[in-house]
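First comes the structure, then the notes that go with it.
Since every read-out is calculated from the coordinates, none of them should be taken as a lab result. The structure presented is a predicted model; accordingly, all values stated were derived computationally and were not measured. Here the Cβ positions follow ideal geometry from the backbone for every residue, glycine too, while neighbour counts run over all protein chains shown.
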Amino acid sequence: MKHKGIVPLAMAALALALSGCAHHQAGPRPGQLKLGMVTDVGGLGDKSFNDSAYRGLLLSKAKLGAYIRVLQSRSAADYQPNLIALTNQHFNMIYAIGFLMNRDLDQIAKQNPTQHYAIIDAIVNEPNVVSVTFKEQDGSFLAGALAAMMTKTHQIAFLGGQDIPLLHKFEAGYIAGAREIDPKIKVDVKWVGSFDDVASGKELANVLYDSGADIIYAAAGKANLGAIDAVKSRQNDYLIGVDSNQDGLAPGKILTSMVKRVDVGVFDVAKALQNGHPLTGHIVLGLKDNGVSLTHFKYTRALIGAARIRRLHQLKRAIVDGKIVPPATRAELAVWKPVKV
Amino acid sequence: MMDFVHGALATLVLLTLVKSAPIVYAALGGVISERSGIVNIGLEGMMTGGAFAAVVASYATGNAAVGLVAGVAVGALLGFVLGYGATKFKVDQIVAGMGINLIAAGGAAYGLVLLYNQPGASPQVHALGRWYWLLILFAFVCAFALHHVLYRTPWGLRVRACGENPRAVTSAGLDPLRFRLYAAVISGALAGLGGAFLSIGEVNIYSEGMTAGRGFIALAAVIFGRWTPWGATGAAVFFGFFEALQFVLQGRVAWLPSEAMQALPYLAALVALCGLVGKVRAPASDGVPY
């Protein structure tokens, strides 16, 4: 009976060893700007949100000579220990990437009033926290307008990850943008229920295409990769990607991607800190400051045509000038009316 | 309207098959393992291992068929680990199963960084293409085969005896541990096949978390199906049907929130478990080390 329990113990130890990612690097020099980051559960390599934040950190390293360190969260239970670990190491700025961290950060920021923090996608009302959010509805509005201009079936679709308020900004902006072009357009909405179920992402995309939609705006994290696989084998159907530039994952089949420049937010915060004027309060990045944007149609410029692209620029100007205010919630969408521009 | 109904029905039937197949494979794996007396809650991990190995092999050789074989092999290997631990070391099977789930998820995550230097998801690889419809049909062939083996062959009788009363098998001059080990290996191979179906059948990448609890659904299907191959297959198709139904209905029933719709398969399973299945009885020595 001596052996009893050894195998599972060894397995658990090995699993822990395999799943823990240790970063070995030289420590910071004295006086160097120290930037720490806690990722959300999607982690590095999601080709989307967390990777974009990491690009901002790498940019800070290259341009500001910062010392950087990333702690990845495997689950929501890792947020607090990761944030505390970085706090104890006295980083100049600690980034919390993702709205799910707002409560943990609020608590930790209160306990460490002299430490600077930044949170992406959520608002934490503490004097030592800068909150960076994005006007996803503005970029999604342009995506919806493009879809409505391109559809041949007068039916388009939205595929979301989880049915949560953050994603409603994408949904509401997209539907409003489509109605701006064609007030009677039919927009189907479906949700994967997670951000990782790639197979379900593909199946749902196929269901949407089969029921008559010919363009899908997919905002479903890694499940987008399934939707992208679905569109590759379809003749006259197209997709719009999200967060990072996904156009190259199925060249010609992805009309554009609604890019959310988390990297810009991360870099701006670091730069202001180094210049001695740390940002505070709530910063909203939109079309104007390139916080959100459509890609440059590298593979689809000919397909879309110059006239439609001109129209998109016109709509973008109208949003920047405040003539069009895309809705950010379902309630706002319900009372939203197309604006003549 | 008729057109829509017709289209929706065709979608529903095909989608039910697509959604069921990976769960059928894993559930059949669960049946053979549990009938031999080994509780296999590592099905999810074996699916993960199969899904990842299939992508790695397809990437390395450019041949999806090799990927499929690799997925089955790695699933079988994980089944062997569970079987060996459960028979040789008499470990707690629940702990060992959880260990396999952890090691598969962690191993695949590490493998992504090691092999492709990109955490989260693999590059795109060659997929099975049309062959994947054959793989859906093959799931039902496996159900037929497993039923035949378990109930119509001496080997199957012995496997079932190991799950009910291993002492009786010993007294017949046979080694129950050997049968259990074989059953665990077959169980892992089937779950690995289910995982490979997901990664190189349905799509063409491995992405962390892509099995999304299907191994645990399969575990429920085993119980729902009363530990029989056809029962578990039926239960897996039942889950698949309600998953497909919620996919088709989502957004069409305006007053029902999407979360409620997504809970439909689980709700249906609960109702069925409480009302239709009646009293279930697990193999008497299921989960008991011998």
Self-check item: Most mobile listed residue (B:Ala172, B:Ala73, B:Ala139) in chain B, GNM with C-alpha springs under 10 Å
Solution: B:Ala172
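Provide the gained length on full extension for the span A:Ala85 to A:Asp321, in nm with one decimal, where the gain is 0.36 nm per separating residue minus the Cα-Cα distance.
Extra length from A:Ala85 to A:Asp321 when fully extended: 80.6 nm.
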Quiz item: Hey, in the GNM for chain A with a 10 angstrom Cα cutoff, which one of A:Ala250, A:Ala219, A:Ala307 fluctuates hardest?
Solution: A:Ala307
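In peptide A:226-236, what is the residue-averaged number of other protein chain Cβ atoms found within 10 Å of each Cβ? Before the final figure, lay out each step's value.
Values: counts 6, 1, 4, 6, 2, 0, 2, 1, 0, 0, 0.
Other-chain Cβ atoms within 10 Å of each residue's Cβ, averaged: 2.
Quick check on chain B: take the gyration tensor over C-alpha atoms, sort the square-rooted eigenvalues as a ≥ b ≥ c, and tell me if it's rounded (a/c under 1.5), prolate or oblate.
Values: a/c = 1.86, a/b = 1.24, b/c = 1.50.
Note, shape of chain B comes out oblate.
Using helices alone, I'd like the mean residue ellipticity at 222 nm for chain B: each DSSP H run of four-plus residues gives -39500 (n - 2.57), total over residue count, nearest 500.
After summing the helix terms and dividing by residue count, I get -24500 deg cm²/dmol.
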Quiz prompt | Modelled FRET efficiency - R0 51 Å, A:Gln314 with B:His148, Cβ distances, 0.05 increments | solution = 0.15
Exercise. May I ask for the distance between the Cα centers of segment A:180-257 and segment A:38-78, given as a whole number of Å?
Key: 26
Practice problem: Please state the charge dipole magnitude for segment A:107-181, taken about the Cα centre, from unit charges on C-beta atoms (+1 on K and R, -1 on D and E), reported in debye and rounded to the nearest 20. | Solution: 80
Quiz prompt | Selection from B:Ala70, B:Pro166, B:Val141, by position along the positive dipole direction of segment B:22-212 (Cβ) | solution = B:Pro166
Self-check item: Rounded to whole Å, sorted largest first: equivalent-ellipsoid semi-axes of segment A:73-138, Cα gyration tensor
Solution: 19, 14, 10
Quiz item: Using modelled amide H (1.01 Å from N, peptide plane; none on Pro or chain starts), what sits under 5 Å from the amide H of A:Val292, excluding residues fewer than 5 places away?
Solution: A:Arg261, A:Gly286, A:Leu287
Quiz item: Taking every residue in A:199-206, how many Cβ atoms of other protein chains lie within 10 Å of its Cβ, on average?
Solution: 6
Quiz prompt | Cα-Cα pairs of segment A:161-244 separated by more than 17 Å (percent) | solution = 44
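When A:Glu136, B:Glu208, A:Glu126 are ordered from fewest to most other Cβ atoms inside 10 Å of their Cβ, what list results? Numbers along the way, then the final one.
Numbers: A:Glu136 30, B:Glu208 23, A:Glu126 18.
Placing the least packed residue first, the sequence is A:Glu126, B:Glu208, A:Glu136.
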Exercise. About the Cα centre of segment B:22-212, how large is the charge dipole given +1 on each Lys and Arg Cβ and -1 on each Asp and Glu Cβ? Please answer in debye to the nearest 20.
Key: 600
Quiz item: So how far, in whole Å, is the C-alpha centre of segment A:286-310 from the one of segment B:166-224?
Solution: 48
Quiz item: Which percent of Cα pairs goes in each bin when the distances of the protein assembly as shown are cut into 20 angstrom slices starting at zero?
Solution: 19, 47, 29, 5, 0
Exercise. Quick one: among A:Ala306, A:Ala172, A:Ala218, which has the greatest mean-square fluctuation in a GNM of chain A with alpha-carbon springs under 10 angstrom?
Key: A:Ala306
Quiz prompt | Sites A:Ala334 and B:Asn63 - FRET efficiency at Förster radius 60 Å, r taken between beta-carbons, to 0.05 | solution = 0.70
Quiz item: Dipole of the protein assembly as shown, Cα-centred, from +1 at each Lys and Arg C-beta and -1 at each Asp and Glu C-beta, to the nearest 20 debye?
Solution: 520
Quiz item: In whole Å, what is the distance between the alpha-carbon centres of segment B:65-118 and segment A:148-178?
Solution: 40
Quiz prompt | Under-5 Å amide H pairs with A:Ile215, H placed in peptide plane, nonlocal only | solution = A:Ala157, A:Tyr238
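How would A:Ile123, A:Ile94, B:Ile186, A:Ile185 line up from fewest to most surrounding beta-carbon atoms within 10 angstrom? Mind showing how you got there, number by number?
Numbers: A:Ile123 15, A:Ile94 29, B:Ile186 22, A:Ile185 18.
Going from sparsest to densest Cβ surroundings: A:Ile123, A:Ile185, B:Ile186, A:Ile94.
What is the average number of partner chain Cβ atoms found within 10 Å of a Cβ in B:257-269? Could the numbers behind the result be given before it?
On the way: counts 2, 8, 5, 0, 4, 6, 1, 0, 0, 0, 0, 0, 0.
What the average comes to for B:257-269 is 2.
Run the numbers on chain B and let me know its relative contact order in percent, using alpha-carbon pairs under 8 Å that are six or more apart. If you can, show how the numbers build up before the last one.
Working: 556 pairs, mean separation 106.8, N = 290.
About 37 percent, as a whole number.
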Practice problem: Kindly write out, for segment B:56-69 in residue order, the coupling ³J(HN,Hα) from the Karplus curve 6.51 cos²θ - 1.76 cosθ + 1.60 (θ = phi - 60°), rounded to whole Hz, with x marking Gly and Pro. | Solution: 4, 5, 5, 5, 6, 9, x, 10, 5, 5, 4, x, 4, 4
Quiz prompt | Rounded to 10°, Cα long-axis angle of helix A:165-181 versus longest principal axis of chain A | solution = 20
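Could you tell me which of the pairs A:Lys34/A:Lys288; A:Lys110/A:Lys169; A:Lys190/A:Lys298; A:Lys253/A:Lys298; A:Lys61/A:Lys110; A:Lys152/A:Lys186 are separated by over 18 angstrom between their Cα atoms in the structure shown? Could the numbers behind the result be given before it?
Working: A:Lys34/A:Lys288 29 Å; A:Lys110/A:Lys169 29 Å; A:Lys190/A:Lys298 28 Å; A:Lys253/A:Lys298 11 Å; A:Lys61/A:Lys110 28 Å; A:Lys152/A:Lys186 12 Å.
Cα-Cα > 18 Å for A:Lys34/A:Lys288; A:Lys110/A:Lys169; A:Lys190/A:Lys298; A:Lys61/A:Lys110; rest within.
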Quiz item: Taking the Cβ-Cβ separation of A:Ile123 and A:Ser233 as r and a Förster radius of 35 Å, what is the calculated FRET efficiency to the nearest 0.05?
Solution: 0.25
Quiz prompt | Under 19 Å from the B:Trp131 label point (7 Å along Cα→beta-carbon), backbone N, segment A:223-258 | solution = none
Quiz item: Using θ = phi - 60° and the Karplus form 6.51 cos²θ - 1.76 cosθ + 1.60, what ³J(HN,Hα) does each residue of segment A:51-57 get, whole Hz, x for Gly and Pro?
Solution: 4, 5, 4, 5, 4, x, 5
Quiz item: If each residue's Cβ is checked for other Cβ atoms within 10 Å, how do A:Leu225, B:Leu82, B:Leu150 rank with the fewest at the top?
Solution: B:Leu150, A:Leu225, B:Leu82
Practice problem: Work out how much length B:His6 to B:Asp175 would gain on full extension: take 0.36 nm times their residue separation and subtract the Cα-Cα distance, in nm to one decimal. | Solution: 55.3 nm
Quiz item: Angle between the Cα long axis of helix A:6-19 and the longest principal axis of chain A, 0 to 90 degrees, nearest 10?
Solution: 60
Quiz prompt | Calculated from backbone phi, Karplus (6.51, -1.76, 1.60) coupling profile of segment B:125-141 in Hz, x at Gly/Pro | solution = 10, 5, 10, 6, x, 4, 4, 6, 5, 5, 5, 5, 4, 4, 4, 6, 4
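Between B:Leu256 and B:Lys88, what length in nm is gained on full extension when 0.36 nm per residue of separation is reduced by their alpha carbon distance? Display every interim value, and only then the final one.
Numbers: separation 168, 0.36 × 168 = 60.48 nm, distance 5.19 nm.
Answer, rounded to one decimal: 55.3 nm.
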Exercise. Quick one: go through segment B:164-202 and flag any residue whose amide nitrogen is under 14 Å from the point 7 Å out along the Cα-to-Cβ line of B:Leu157.
Key: B:169, B:172-174
Quiz prompt | Cut-off under 5 Å, modelled amide H: who pairs with B:Ile38 long-range | solution = B:Gly287
